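Undergrad: This is the structure I want to talk about, given as structure tokens.
The values are calculated or read from the model by the stated rules, or taken from the named source; none is laboratory data. Computed from a predicted structure; not experimentally measured. Positions of Cβ are backbone-derived with ideal geometry, glycine not excepted, and every protein chain shown enters the neighbour counts. Please note that ligands, DNA and RNA were not included when accessible areas were found on the heavy atoms of the full protein model with its side chains. Shrake-Rupley method; radii C 1.70, N 1.55, O 1.52, S 1.80 Å.
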Amino acid sequence: TCPVPQRFELEGIISFGYDDQVLHIAEMDVPKDLAPGKHEISAAVQWLVCQSSCIPGSADLMLPIEVVSDDVPLTKTPYAPLFDHFAAQHPSNALDIDSFGWDFELSQTAIRPNDTFKAVFRVAAIEGHKIGKHNASVPWPTFTPITGTYWWLNSTEVKNGPDGSILVVMEGESFSPDPDPMPTDDKIGGLFQIEIDGKVVSTEITVGLPWEAEGVDVAKEAGPLLLLANQANGSDTPASADDAAGETPVGEDAAVAGVVPMVSDVTGVALFANLFSAFIGGLILNVMPCVLPVLTLKLYSLIEQTDITAKEQRTAGMGYTGGILASFWLLSGAIVILRLMFGIEVNWGFQFQYPPYVAALATIVFVFGLSLFGVFEIPAFGVGTASEAGSKEGVIGYFFTGVFATLLATPCSAPFLGTAVAFAFGAPTWVLFAIFTMVGLGLAFPFLLIAFVPSLYRFLPKPGAWMDGFKQLLGFTLIATTVWLVGVLGAQIGIDRANGFLAFLLTVSLGAWIFGHFGGIASSGRRQLGALAGALVVSGAGGMYFLDMAFAEDESCDSGEVITDLSFHEEIPWQPFSGERIKTLAGTTILVDFTADWCLTCKVNEKTILNTKAVRQSMDELGVVPLKADWTRRNPEITEWLRRHGRAGVPMYLILPKDGSKAPIVLPEIITQGMVIDAMKEGSS
């Protein structure tokens with residue numbers, strides 16, 4: 001890692017480097033199996049020394065080090081203060097800075113070879129802090145660009161935004177990647193040195209650049225940050241009210257410019273409110289369609305085990321809660337890694353946009369359903385004898401039930417949840433983990449409550465012979481969930497590959513039968529392991545032969561036709577969403593349904609609320625144009641629109657008023673017919 005560089009200018013040529021001396025720090029991990037004693041580390045170093053001319057240099061360096069065991073005390077060398085001195089000059093992690101936040105916008109949804117594009121970064125102080133304005137006529141020292149691999153920088157401009165923020169406008173030009181295929185790790189950004197509360201804070205901010213092949217259509221539009229940058233003046237003085245006003249933008253752009261949630265305010269009140277919302281949202285998740293199969297299974301488990309001791313009840317509740325929390329923490333870590341290391345902007349439920357995840361989850365649900373039909377018995381870990389296995393799950397069983405609940409919960413959104421999760425995605429890492437922890441606690445709370453309040457068990461039905469039939473009935477709910485997931489998978493990989501996945505499920509069911517028939521719960525451990533190995537071989541062979549998780553070509557075609565007369569349609573004639581289509585519909589009321597095939601809440605709302613006679617009639621009478629923003633696959637433009645309106649996932653229902661100067665109307669996740677009709681009337685007035 002490197003300290004913040006200095007800027008040098010010689011005869012109009014600008015470069016960045018270091019004067020006098022510099023220390024570049026490289027962190028190393030010593031292998032655990034490395035034998036104690038003397039060892040050597042080496043480095044190949046190259047540099048360029050410049051004054052009136054530049055002279056290259058290089059050297060091969062070697063440093064002897066001594067490796068000792070863990071129990072040997074370590075002392076600092078005389079060079080430790082030198083390390084501390086230069087480490088203090090390193091940029092801070094952007095997500096660890098709680099005094100300001102940042103946002104990013106690209107002038108088009110993706111970059112193609114030989115494109116010219118613009119990117120805008122906005123840095124703004126959160127409440128209680130003050131950001132210093134940029135005063136120089138050049139970007140330095142406020143911003144130092146970091147260029148990508150397959151594009152070059154044409155110009156950089158730093159502006160003081162009319163809202164007190166700092167805006168960095170970068171204009172770049174791409175070239176053809178060599179070799180193909182399209183880049184997946186190209187980035188744009190730079191080093192920011194911002195004065196906050198009178199103190200300079202340095203941090204590197206980079207984001208990933210999405211690429212498409214040459215000739216592929218991409219949407220180009222002036223979003224809220226580009227509009228804000230156009231309103232902003234140069235570097236020396238803040239824009240006046242007259243300068244900031246300019247020409248009134250049309251439609252969505254005008255409304256969005258005032259409502260974009262750039263950063264999350266992590267002060268006490270806002271943080272507490274969103275933590276509470278996260279808990280309530282997690283609690284409500286228990287009755288959302290995605291989680292109902294697991295919820296019913298868990299209730300069945302509780303009824304089956306009403307005779308266990310109070311201690312075992314508490315163990316069950318803690319095991320179930322532990323599985324949920326561990327899953328949410330793993331999800332939080334994955335989000336942080338994808339955003340920081342790979343520059344991939346992800347939102348709630350993002351994993352359902354990847355076919356391998358959907359396929360794996362569908363397989364797990366299907367296998368679980370087979371176990372309820374009695375094809376095989378899941379081994380009960382954590383119990384003492386085989387006779388206990390039929391009636392007790394064991395702590396590991398409860399743990400994985402919690403994991404299972406989380407896997408099915410994450411495509412769902414719920415009241416309170418969307419706002420809290422959106423807050424988490426715009427906040428530092430520790431806040432993201434805190435919000436997700438509260439969602440997990442809300443999801444686990446009903447069963448945690450029952451576990452620690454034994455008297456609540458008396459409200460559960462009494463166990464009896466009826467439970468065998470009910471258990472098999474629950475198996476059908478899991479098969480129904482599998483059907484739903486296969487449908488999601490088919491929308492992503494195409495019908496032919498989806499049929500291949502169904503063939504794979506057939507081999508999985510054969511493997512489950514082999515395990516159940518030859519490795520029953522009363523069998524010896526060795527026999528069970530042999531049966532399990534056979535089941536895995538059969539399933540693995542089926543996977544190798546039948547599975548292909550590549551995305552199918554997107555066959556959706558936007559003809560550009562706009563349907564405004566809905567009277568001849570028995571169902572809503574949804575039209576494809578795009579920023580360009582929004583512009584062509586200026587002066588028209590628009591309903592945008594942000595949805596995904598893997599979002600059961602979305603599908604329930606579409607069937608029972610949106611696609612009803614009353615809503616369709618109101619659409620026709622008011623001249624509302626319905627657009628569908630399908631987020632089943634990863635779509636940067638839809639992700640950007642969700643983020644603009646403070647949502648971290650689907651569903652989102654957006655009314656864009658006919659009067660372009662009015663703000664969009666965002667409906668909650670759970671909607672009613674009256675709510676939708678009233679919003680359309682308001683947007684059409």
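Undergrad: Let me spell it out: the conditions are (1) over 25 Å from Ala43 (Cα atoms); (2) open to solvent by 40 Å² or more (accessible area, probe 1.4 Å); (3) under 39 Å from the mean Cα position of the chain (by Cα), and Phe104 meets all of them except one. Which number is the exception?
TA: (2)
Undergrad: Given the conditions (1) modelled with pLDDT of 90 or more; (2) of a type in the set (S, T, N, Q); (3) in contact with a strand residue (DSSP E or B) (Cβ under 8 Å, 6 or more places away or on another chain), report the number of the one that Thr612 does not fulfil.
TA: Unmet condition: (3).
Undergrad: Do any strands (runs of 3 or more DSSP E) lying entirely in the range 5-108 carry at least 2 residues that are under 30 Å from Val168 (Cα atoms), and which ones are they?
TA: By residue number, 6-10, 13-17, 37-50, 100-106.
Undergrad: So, of the residues in the range 655-685 that are touching a helix residue (DSSP H, G or I) at 6+ places or on another chain (Cβ under 9 Å) and polar (S, T, N, Q), which turns out to be farthest from Glu606 (Cα to Cα)?
TA: Ser661
Condition check ((1) open to solvent by 20 Å² or more (accessible area, probe 1.4 Å); (2) without any contact (Cβ under 8 Å) to a residue 24 or more places away in the chain; (3) of a type outside the set (Gly, Ala, Ser)) across all residues:
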| position | (1), (2), (3) |
| --- | --- |
| Leu642 | no, no, yes |
| Leu656 | no, no, yes |
| Pro664 | yes, no, yes |
| Glu669 | no, no, yes |
| Thr672 | yes, no, yes |
| Met675 | yes, yes, yes |
| Ala679 | no, no, no |
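Undergrad: Just checking: which of the helices (runs of 4 or more DSSP H) contained wholly in the range 579-685 hold 1 or more residues that are among the hydrophobic types (A, V, I, L, M, F, W, C), under 16 Å from Pro411 (Cα atoms) and out of contact with any His (no Cβ under 9 Å at 6 or more places or on another chain)?
TA: Qualifying helices (runs of 4 or more DSSP H): 600-605, 636-644.
Undergrad: So, one more: Return the only residue of Asp265, Asp253 being modelled with pLDDT under 85, under 27 Å from Ile131 (Cα atoms) and not in a loop (DSSP other than H, G, I, E, B).
TA: Asp253
Undergrad: Does the range 188-213 hold any residues that are touching a residue at least 40 places away in the same chain (Cβ under 8 Å), surrounded by fewer than 15 Cβ atoms within 10 Å (Cβ to Cβ) and either among the β-branched types (Val, Ile, Thr) or within 18 Å of Gly148 (Cα to Cα) (or both), and which are they?
TA: Correct list: Ala213 only.
Undergrad: Something else: Could you say whether any residue in the range 458-467 is of a type outside the set (Asp, Glu), within 31 Å of the chain's Cα centre (by Cα) and open to solvent by 50 Å² or more (accessible area, probe 1.4 Å)?
TA: No, because not a single residue in the range 458-467 is of a type outside the set (Asp, Glu), within 31 Å of the chain's Cα centre (by Cα) and open to solvent by 50 Å² or more (accessible area, probe 1.4 Å).
Undergrad: Can I ask one more? Which ones in the range 493-549 are open to solvent by 60 Å² or more (accessible area, probe 1.4 Å), outside any helix (DSSP H, G or I) and without any contact (Cβ under 8 Å) to a residue 60 or more places away in the chain?
TA: Ser524, Asp548
Undergrad: Limited to the range 94-122, what total is found for residues that are farther than 19 Å from Asn635 by Cα and aromatic (Phe, Trp, Tyr)?
TA: The number of residues fulfilling the criteria is 3.
Undergrad: Every residue in the range 26-71 that is of a type in the set (Val, Ile, Thr), surrounded by 10 or more Cβ atoms within 10 Å (Cβ to Cβ) and under 30 Å from Phe8 (Cα atoms), please.
TA: Within the range 26-71, Val45, Val49 meet the criteria.
Undergrad: Restricting the search to the range 85-101, which residues are hydrophobic (A, V, I, L, M, F, W, C) and either open to solvent by 40 Å² or more (accessible area, probe 1.4 Å) or out of contact with any strand residue (DSSP E or B) (no Cβ under 8 Å at 6 or more places or on another chain) (or both)?
TA: Phe86, Ala87, Ala88, Leu95 - these are the residues of the range 85-101 that are hydrophobic (A, V, I, L, M, F, W, C) and either open to solvent by 40 Å² or more (accessible area, probe 1.4 Å) or out of contact with any strand residue (DSSP E or B) (no Cβ under 8 Å at 6 or more places or on another chain) (or both).
Undergrad: Of all residues in the range 53-84, how many are under 26 Å from Val4 (Cα atoms) and either touching a residue at least 24 places away in the same chain (Cβ under 8 Å) or of a type in the set (Asp, Glu) (or both)?
TA: Number satisfying all stated conditions: 4.
Undergrad: OK, next. Among the residues of the range 113-163, write down those that are aromatic (Phe, Trp, Tyr), under 18 Å from Val201 (Cβ atoms) and open to solvent by 50 Å² or more (accessible area, probe 1.4 Å).
TA: Trp140, the sole residue that qualifies.
Undergrad: If you don't mind, there's one more thing I want to ask. For the range 430-456, how many residues are farther than 23 Å from Leu285 by Cβ and either of a type in the set (Val, Ile, Thr) or in contact (Cβ under 8 Å) with a residue 24 or more places away in the chain (or both)?
TA: Of the residues in that region, 1 qualify.
Undergrad: So is Gly683 modelled with pLDDT of 90 or more, farther than 27 Å from Leu225 by Cβ, open to solvent by less than 50 Å² (accessible area, probe 1.4 Å) and of a type in the set (Gly, Ala, Ser) or not?
TA: no
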